[in-house]
Amino acid sequence: MSTKITSRGSLDAGSLGRLPTKEGGTIHFGGLKRTPVMGDNGLLGFTENHESPPSIKVTIAHAAATDEKAIQDFAGENLTYNLNSGKKYTLMDAWTSDPLELVIKDGQLDVLFVGTELIPL
């Protein structure tokens, strides 16, 4: 029996619909960072701090129909990343985090969506 390894995905982004993403993408699960706490006799345990929120980073193929303003203004909606391995993740109450930048030579927009919670489906 063979195992399908995740290698592609499609992003359904609320009012933006399905975005034409290029190869690749990144899901950051967010969460806590655990830091060891040392004492005189060795390890005492660890502390937990919120390190970063969950996020999804994709590269959108840019074309004449691309609505950069709608992508930049995207906020407060859920988006779902469907992976070819069958896994799906929904990023809740997501927003576009960074200003957009168009790489003209490659016809692409790198977009970072940040949200309040990442839910595996």
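The values are calculated or read from the model by the stated rules, or taken from the named source; none is laboratory data. Every value quoted in this text rests on a predicted model; they were computed, and no experiment measured them. Note that each Cβ is placed from the backbone with ideal geometry, even for glycine, and that neighbours are counted across all protein chains shown.
Of all residues in segment 67-81, which are assigned to a strand (DSSP E or B) and over 11 Å from Ser15 (Cα atoms)?
Thr80, Tyr81
All but one of (1) of a type in the set (A, V, I, L, M, F, W, C); (2) surrounded by 15 or more Cβ atoms within 10 Å (Cβ to Cβ); (3) without any contact (Cβ under 8 Å) to a residue 40 or more places away in the chain hold for Phe113; state the number of the condition that does not hold.
With respect to (1) of a type in the set (A, V, I, L, M, F, W, C); (2) surrounded by 15 or more Cβ atoms within 10 Å (Cβ to Cβ); (3) without any contact (Cβ under 8 Å) to a residue 40 or more places away in the chain, Phe113 is out only on (3).
Does at least one position in segment 32-52 carry a residue that is in contact (Cβ under 8 Å) with a residue 40 or more places away in the chain and within 23 Å of the chain's Cα centre (by Cα)?
no
With the requirement that a residue be without any contact (Cβ under 8 Å) to a residue 60 or more places away in the chain and hydroxyl-bearing (Ser, Thr, Tyr), what does segment 14-31 give you?
Within segment 14-31, Thr21, Thr26 meet the criteria.
In segment 49-74, what residues are at pLDDT 95 or above, within 30 Å of Leu32 (Cβ to Cβ) and surrounded by fewer than 12 Cβ atoms within 10 Å (Cβ to Cβ)?
none
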